[in-house]
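Below is one structure, written out as structure tokens; comments come after it.
Nothing in this text is a laboratory measurement; each read-out follows from the coordinates by a stated rule. In this text the structure is predicted, and so the values were computed from the model without any measurement.
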Amino acid sequence: MSEQPAFLYIEDHPASRQVFRIIMSSLLDYHNVTVLDSSEDILEQLHTLNMSYDIIFLDLNMRPLSGYDLCKLLRENDLYQNARIIGLTANTTPAIIRKMQTHGFDGVIGKPISHDTFAEQINQILSGEDIWET
Amino acid sequence: MEKNLQTHANTSSSTMTLPNLKWFVTEHSSVTDAVLRKQSRLLSSILLAMIVALIIIVTLVLLADPSDINDPKLQIAIGLSVINVLLYIANRAGYVRATMLIFTSIITSVTIFFPLLESGAATLLPFALTSVLIIGMFYSTRITLVASIIMIIVTYIGVEAKGSGFDKYHEMQDIWYFLLLASALLITFVRHIRAVEQARHEELEEINHQLNLLASNLELRVEERTSELHDAKQDAEKAQAEAEKANEVKSQFLANMSHELRTPLNAILNFTAFVADGVMGPVNEQQEDLLNQSISSGKHLLSLINDVLDITKIEAGLMDLFIQEVDMGEALQSASSIGKGLVKDKNVKFITEIDDDLPITFGDKRRLRQVLLNLISNAVKFTSEGQITLKASKTKQGIRIELEDTGIGIPEKDQHLVFKSFKQAKHDFTETIGTGLGMPISKYFVESHQGTMWFESVAGEGSTFYVELPILSNEEADQITLEIQHQS
């Protein structure tokens, strides 16, 4: 159990969180998964958790802080220096991808998350590859 | 200028209605030049005076002694008055310059030659002076000067030839006549010069005034035009800003829409898939079948939403490409495996003939894949039996892709609709496809990659769709994106 990679997912849409939880636990058998439902007071939330993560998945359309803001904020924190930060979004337009690249993301995975390829994608990300799924 | 003419016409009409002495010296209406008008009036005055004087003299002489009619001097005087009357008429008719020339010539000739014919060469000098003065009235100082010199020479020669010098002048009363005449002429001359100067001055003033008017008009026009241009520029800038704003709003709306529509649909698809896959516990075959149908309907809905959003973006000029390295061979292989999956339940063979040495190009991987999937799913949809062949080969220009099917084909009358967007969606042909947007979208992406797309089809026999894509470098592909963005 302790060798399992740690995941963090910040997403304000309940159904999307539910989908993510089911995929991670039921399909992929990852259990070290933290899911937060809001970007509000995110630093306090993370401070309370006080954990480092292997992969941080971020929704982009969130309030008050967007995924881009969150990514920048996380990059400034030593605790998440080695974390891979991946965006999860239903809308992967070139403009959005360019914006993500300038905000420090390591990749993007389009929604809906594919049950068939997600496991492979996680492995790729963990091995250090950038994933820009378009 | 028009105002000027108006005033002039008024004065002439008032002199016509009020017959006073002025009428006799009024110039012809065609004479508009201020100096010429003055000259014409002066000419009329002199001619009239001479005519009157000559008539009085001739009358008086004839009254005293009617036999004098044979005197050549009197005959010349009568001839002169007739000529003067003709000159007067010519002057009043508007031939001012000609009249001036003839009059001065006659006066000069008479004053020079008439005394010479007579014994009294002594009167030559005063007469010569008279003609110089008359020339001076009508012509420039320079001409007058030249005339004076000629006169002096002629007089000198004449006096010498006759052998009777000025000192021999003895008839004293002639001097008085001459002085009287000379003073009268001198006064007229000076007054005339002043009048001409004033006329010139007035004309200059008028010209100056007109010029000022013109200049201020011009200034006004320039100001007007400048402000018009300024307004137009502001309007254009405003319109552009509004258009940009509208585009931005549209773009934002599209982004929101695609997010809002897809997020719940994605959740539905995922949850349904969990259940269908048995993640939530065992499902029976019937349940699994229905769940899979839900999934495929959901996927269809998602692709329709994507198509509508794509075409809206294209038509709004907001389409954007994400350029990266594209292995077309790999894209074709993965598309063909999807195609094989699609014909699994049909009596259709999916054949692939893809060259191994397809070059690497740059472009939008997702969009190029979308084109291939569109073509394949279309072919599968319209082919109930036979075969679908996907061919891809390297050409001189790039990559050529052919997708041949043995489906229903496209009737000739509908062929022009294939690449048109929803305007034609209610047509029979497109009805079966769904939105009918797949082909126009595909063509757009092929063309935005500098490629070409076309098809050949025979109703009842099948269709072949062709796509030719050039090999683009990273820079070339980036240039395309810039151009697309520039258009929007």
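Some values worked out for this structure:
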quantity: Spatial separation of Cα centroids for the range B:214-241 and the range B:289-335, in angstrom; calculated: 51
quantity: Sequence-distant residues sharing a close amide H with B:GLY386 (under 5 Å, placed H); calculated: B:LYS349
quantity: Hydrodynamic radius by Kirkwood, which averages 1/r over all alpha carbon pairs of chain A, in angstrom; calculated: 14.8
quantity: Residue among A:GLY107, A:GLY67, A:GLY87 with the largest mean-square fluctuation in a Gaussian network model of chain A, springs linking Cα atoms under 10 Å; calculated: A:GLY107
quantity: Bins of 20 Å, starting at 0 and running to the largest distance - Cα pair percent for the protein assembly as shown; calculated: 14, 28, 12, 5, 11, 16, 11, 2, 0
quantity: Cross-link table B:LYS250/B:LYS340; B:LYS238/B:LYS365; A:LYS99/B:LYS238; A:LYS99/B:LYS381, entries beyond 31 Å C-alpha to C-alpha; calculated: B:LYS250/B:LYS340; B:LYS238/B:LYS365; A:LYS99/B:LYS381
quantity: Karplus-derived HN-Hα couplings along the range B:380-394 (A = 6.51, B = -1.76, C = 1.60, θ = phi - 60°), whole Hz, x at Gly and Pro; calculated: 4, 4, 9, 10, 9, 8, x, 8, 10, 10, 9, 10, 9, 9, 7
quantity: Reachable lysines from B:LYS22, criterion Cα separation under 30 angstrom, eight or more residues apart if same chain; calculated: B:LYS3, B:LYS38
quantity: Three principal axis lengths of the range B:224-285 [C-alpha, angstrom, descending]; calculated: 84, 14, 8
